[in-house]
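Beneath this line is the structure, given in structure tokens, with notes to follow.
The values are calculated or read from the model by the stated rules, or taken from the named source; none is laboratory data. Keep in mind it's a predicted model, so treat the numbers as computed, not measured. As a convention, Cβ positions derive from the backbone with ideal geometry for all residues, glycine included, and neighbour counts pool all protein chains shown. Just the protein is used for accessible areas: all its heavy atoms, side chains included, with ligands, DNA and RNA removed. Shrake-Rupley method; radii C 1.70, N 1.55, O 1.52, S 1.80 Å.
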Amino acid sequence: MLEIIRIHNELMGTYGDRGNADILKFRASIAGIRSSVTDISYSQVIPRTADIYLLGGAEDAAQVLSHAALAKSKALNSAVAKGAVVLAVCAGFQIIGNSFVANDERYSGLGLLDVQTSAGKKRLVGDIAIESEFFDANLTGFENHSGITTLGKSVMPLGKVIVGNGNGAGDVDGAVFGNVFGTYLHGPVLARNPEFADLLLERAAGEPIKVVRDELADRYAKWRRAAIK
Ligand code: GLN
């Protein structure tokens, strides 16, 4: 049984990233893997033994609250030390880095990714496409943030920006270290890019999973890539 935890959706649900959990559950089911999705709210204890943890995007005030709870509990750090998979989007991505700025204040992040986020002067909003060495086809999504994220030496980017801004520094989006993935792609990103869901499931399962393709999904994938230029 694959346990998927959706962290603080009541705070970090602004951009609909909650859908990532639903896609993971669906892709797991068609690959023949049983899974469960559990919402853990701001006031609850985060279990340390789940397989996949999901964080979404948020406005600054909610991001600060979520970060305070995560920093206090250390549960995510302990789960990652045991090999758990993490997908963190936008504000979530910033929180799991080394530091970030929200509402004009700098906070120490969880340190799960060697990245640092500073406040940008403008909001970066719009369609985004990235080319990633993890996937055969480009990933697409929608971004909406003002944070600018720079990568440290121990992480690799999720991909190279083809359209849009991504991290806002160095023509790349996101960061990856082991089983921890950060990105600025909303969409939700796993709904737009089911192959990304399959990669996360595979990492959590620790072995190749049955990848299910169908003509409709392939046509949709082709269309969404063609639509972003
Ligand atoms: N508040 C952060 C920023 O603007 C994150 C925004 C988001 O999660 N979409 O950079």
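Just need a number here: residues in the range 103-117 that are outside any loop (DSSP other than H, G, I, E, B), within 16 Å of the ligand (Cβ to nearest atom) and without any contact (Cβ under 8 Å) to a residue 60 or more places away in the chain. Here the count works out to 5. Scan the range 44-57 and give yes if some residue there is open to solvent by 30 Å² or more (accessible area, probe 1.4 Å) and either under 30 Å from ASP104 (Cβ atoms) or within 16 Å of the ligand (Cβ to nearest atom) (or both), otherwise no. Looking for residues that are open to solvent by 30 Å² or more (accessible area, probe 1.4 Å) and either under 30 Å from ASP104 (Cβ atoms) or within 16 Å of the ligand (Cβ to nearest atom) (or both), one finds at least one in the range 44-57, hence yes. In this entry, ILE33 passes the filter for residues that are in contact with a helix residue (DSSP H, G or I) (Cβ under 7 Å, 6 or more places away or on another chain) and farther than 26 Å from MET156 by Cα. Considering only residues in the range 1-25 that are without any contact (Cβ under 8 Å) to a residue 40 or more places away in the chain and crowded, with 17+ Cβ neighbours inside 10 Å, the one that is farthest from GLN63 (Cα to Cα) turns out to be LYS25. Within the range 118-137, the presence of a residue that is open to solvent by less than 20 Å² (accessible area, probe 1.4 Å), modelled with pLDDT of 95 or more and farther than 27 Å from GLU195 by Cα is excluded.
Taken over the range 138-175, the criterion of being open to solvent by 10 Å² or more (accessible area, probe 1.4 Å) and under 12 Å from VAL89 (Cα atoms) is satisfied by PHE142, ASN144. For the range 122-229, the strands (runs of 3 or more DSSP E) that sit wholly inside it and include 2 or more residues that are within 16 Å of the ligand (Cβ to nearest atom) are 139-151, 180-183. From the residues in the range 36-53 that are touching a residue at least 40 places away in the same chain (Cβ under 8 Å) and out of contact with any Asp or Glu (no Cβ under 7 Å at 6 or more places or on another chain), which one is farthest from GLY206 (Cα to Cα)? By that ranking, first place goes to ILE46.
The residue that is farthest from the ligand (Cβ to nearest atom), counting only those in the range 65-89 that are β-branched (Val, Ile, Thr) and open to solvent by less than 30 Å² (accessible area, probe 1.4 Å), is VAL85. Answer with yes or no whether ARG34 is touching a Gly at 6+ places or on another chain (Cβ under 8 Å), surrounded by fewer than 24 Cβ atoms within 10 Å (Cβ to Cβ) and at pLDDT 95 or above. In short, no. What pairs come up if the first residue lies in the range 135-161 and is of a type in the set (D, E, K, R), the second is buried (at least 18 other Cβ atoms within 10 Å of the Cβ) and in a strand (DSSP E or B), and their beta carbons are under 8 Å apart, counting only those six or more places apart or on different chains? Matching pairs, first to second residue: GLU143/LEU124; GLU143/ILE128; GLU143/HIS186; LYS160/ILE130; LYS160/VAL172; LYS160/ASP173. Can you work out which of the residues in the range 99-117 that are among the polar types (S, T, N, Q) and open to solvent by 50 Å² or more (accessible area, probe 1.4 Å) is nearest to TYR184 (Cα to Cα)? That would be GLN116.
The conditions of being modelled with pLDDT of 95 or more, near the ligand (Cβ under 10 Å from one of its atoms) and part of a strand (DSSP E or B) are met by PHE100.
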